[in-house]
Amino acid sequence: MGLRVSAGGVSPTQAGSRAAPVRLAGLPQAICLLLADVLSALLAQALAALILTATGRPTLPLESTLIWVGLWVLWRAYQGLYPGYGRSPQTELRLHTTGTLQVAVGQLAAALAISRFAPTVSGVVLLWALILVLSLLLRYAVRALLIQMGHFGRPISVIGAGHTAALAIAHLRSHCAYGLNPVAAYDDNPALHGTTLHGVPVLGPIELALTQPLTEQALISIPGARAETQRRLVNSVYAVFPITWVIPDLFGVPNQALVPHNIGSVASLEIRNNLRSVQARFVKRVMDFFLSLLGLLLIAPVLLIVAILVRLDSPGPILYKAPRLGRNGVPFSCYKFRSMYLNAEERLQHMLSEDPCLRAEYETYHKLKDDPRVTRVGRLLRKFSLDELPQIFNVLKGEMSLVGPRPYLPREQEKIGTMLYLIVQVRPGMTGYWQVSGRNSSTFEERLDMDRFYITNWTPWLDLVILLQTIKVVFGGKGAY
């Protein structure tokens with residue numbers, strides 16, 4: 001691909017005359033999200049007052065709450081959460097949680113410093129616990145409404161129309177909450193002019209983007225360009241567009257573990273290996289234990305009802321112990337509610353030997369969409385992943401994690417291939433990146449890629465995001481069978 005950016009790039013004078021004007025395009029969305037935060041804080045204040053009054057504890061003065069909520073809103077604005085375009089879900093959740101806790105600790109310190117406010121400590125803790133939850137839920141709801149109405153996101157131009165650009169555009173268009181909406185692409189390959197990338201038109205050469213910019217933000221997606229060409233291109237685009245992002249040639253590198261640094265005038269990237277962080281592993285195990293213990297208390301009635309239905313539906317045990325690969329490659333028994341008839345494995349082999357189409361489907365997905373081995377109750381359990389609820393006992397025992405790679409069968413080791421050394425470094429999960437991204441509609445190889453992404457980019461914040469997304473996916477029953 002030949003880039004026709006001049007060696008000198010674009011001069012400051014030229015850039016000033018042709019640059020896309022800086023507008024407050026995200027101001028209405030920012031105001032909506034800010035008002036949602038204020039509303040959530042007022043709701044939290046009202047709920048906290050009701051609870052404190054009912055328990056005979058002193059309530060918090062409204063004036064004090066408004067002052068601290070004002071500081072909280074200002075801190076969130078500084079964090080860039082209004083409107084928060086271009087934030088990954090885990091980054092947004094991390095900023096939301098840490099920022100809220102920081103303000104809460106500030107108010108707690110102030111309450112303890114003034115002895116007459118000491119009795120309100122419990123009220124402060126309750127208030128900010130409610131704000132932490134309510135503001136997140138209300139933020140998601142308001143953003144979903146804005147997306148539904150077509151009023152969320154910043155339009156961007158994509159410089160480059162190759163494979164990498166197509167991947168970036170596809171991801172941004174399928175994840176509207178990210179807030180970056182590709183509206184035009186540019187490439188110096190004439191054969192691409194007039195075509196579309198996932199609905200985004202390729203308008204013409206890169207020179208057109210520089211002389212007639214349509215947006216305030218540009219995403220340069222030509223990682224294969226030579227270093228000198230890349231430098232000239234970045235400088236030219238940077239001079240025209242107020243906001244410029246560049247996709248570097250770092251495919252396969254854990255992108256969530258990159259931390260920018262500079263050594264003098266040289267830019268460098270630190271690649272953190274979260275798998276080797278003892279602190280992160282400890283946090284993950286603590287989260288697993290306490291969240292699964294809380295979850296067990298909440299779903300105990302559901303477990304009882306499902307157990308009765310399984311028993312009444314067909315003869316056989318209520319629980320099925322499925323052999324799975326655990327951490328360090330050690331097999332363990334993965335608990336599931338039985339969703340198949342007895343002798344299901346023998347039935348499977350018989351059906352696969354007689355039906356080439358079924359065999360091809362099973363070899364591709366390692367599942368059958370219309371599996372005759374599954375019982376009536378089993379189909380319902382699988383649709384909403386209820387058959388996997390007993391795995392919470394595996395989590396408590398330390399054999400599984402709430403979030404992790406897919407639990408693979410021991411016989412799948414050969415098909416996993418060279419990825420096996422990576423997969424067995426962590427405990428398999430009740431849910432995972434594969435669960436919220438593709439579920440059973442993805443191929444075996446695609447699931448491996450998802451597991452690799454999760455393992456190499458693992459953080460506790462990513463776990464929390466996946467847990468939140470799992471609730472939505474499971475209740476929708478999409479892609480499960």
- Per-residue HN-Hα couplings for region 451-466, Karplus 6.51 cos²θ - 1.76 cosθ + 1.60 at θ = phi - 60°, whole Hz, x for Gly and Pro? 5, 5, 4, 4, 5, 7, 10, 5, 9, x, 5, 5, 4, 5, 5, 5
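Relative contact order for the chain: what percent, with Cα pairs under 8 Å and sequence separation of 6 or more?
In percent, rounded to a whole number, it is 13.
What pairs from Lys336/Lys383; Lys383/Lys472; Lys336/Lys397; Lys284/Lys397; Lys321/Lys415 go past 20 Å between their alpha carbons?
From Lys336/Lys383; Lys383/Lys472; Lys336/Lys397; Lys284/Lys397; Lys321/Lys415, over 20 Å: Lys321/Lys415.
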- With labels modelled as points extended 7 Å from the Cα through the Cβ direction, what inter-label distance (nm, one decimal) is found for Val183 paired with Asp249? 3.2
- Note on the structure: The size of the Cβ-based charge dipole (Lys, Arg +1; Asp, Glu -1) of region 27-149 about the Cα centre, to the nearest 20 debye, is 140
- Item | Expected 222 nm ellipticity per residue - DSSP helices of 4 or more, -39500 (n - 2.57), all of the chain, to 500 | -17000 deg cm²/dmol
- Query: Rounded, prolate or oblate: which fits region 153-249 when a ≥ b ≥ c are the square roots of the eigenvalues of the alpha-carbon gyration tensor, with rounded for a/c under 1.5 and prolate only if a/b beats b/c?
  - Reply: rounded
- What is the set of long-range amide H partners of Gly432 at a cut-off below 5 Å, with H atoms built 1.01 Å from backbone N? Gly404
- Query: So, with +1 on the Cβ of K and R and -1 on the Cβ of D and E, and no other charges, what is the size of the charge dipole of the chain about its Cα centre, to the nearest 20 debye?
  - Reply: 840
- Item | Among Leu35, Leu127, Ile147 the positive-end extreme of the charge dipole of region 27-149 (Cβ point charges) | Ile147
- Message: I need to check one value: relative contact order of region 153-249, counting alpha carbon pairs closer than 8 Å and at least 6 residues apart, in percent.
- Response: 30
- Message: Explain nothing, just compute: Karplus ³J(HN,Hα) = 6.51 cos²θ - 1.76 cosθ + 1.60, θ = phi - 60°, for every residue of region 57-69 in order, whole Hz, x for Gly and Pro.
- Response: 9, x, 8, 7, x, 4, 4, 5, 4, 5, 5, 6, 5
- Taking placed amide H atoms and a strict 5 Å upper bound, the residues 5 or more places from Leu180 or on another chain that come that close are Gly86, Arg154
- Relative to the Cα centre, what is the charge dipole magnitude of region 153-249, using +1 at the beta carbon of each Lys and Arg, -1 at the beta carbon of each Asp and Glu, and rounding to the nearest 20 debye? 140
- Message: Can you compute 3J(HN,Hα) from phi for each residue in region 171-184, using the Karplus curve 6.51 cos²θ - 1.76 cosθ + 1.60 with θ = phi - 60°, rounded to whole Hz and x for Gly and Pro?
- Response: 5, 5, 6, 8, 10, 5, 5, 5, x, 10, 10, x, 10, 7
- Name the residue farthest towards the positive end of the dipole of region 277-328 from the options Ala300, Ile318, Val278, assuming +1 on Cβ of Lys and Arg, -1 on Cβ of Asp and Glu, about the Cα centre. Val278
- Which of Thr195, Pro248, Val237 sits farthest toward the positive end of the charge dipole of region 153-249, with +1 on the Cβ of Lys and Arg and -1 on the Cβ of Asp and Glu? Pro248
- Counting alpha carbon pairs within less than 8 Å and at least 6 residues apart, what relative contact order, in whole percent, applies to region 27-149? 42
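All of the numbers you see were taken from the coordinates with simple rules; none came from a lab. Not measured: the values here are computed from a predicted model. Glycine gets a Cβ as well: all are built from the backbone with ideal geometry, and neighbour counts include every protein chain shown.
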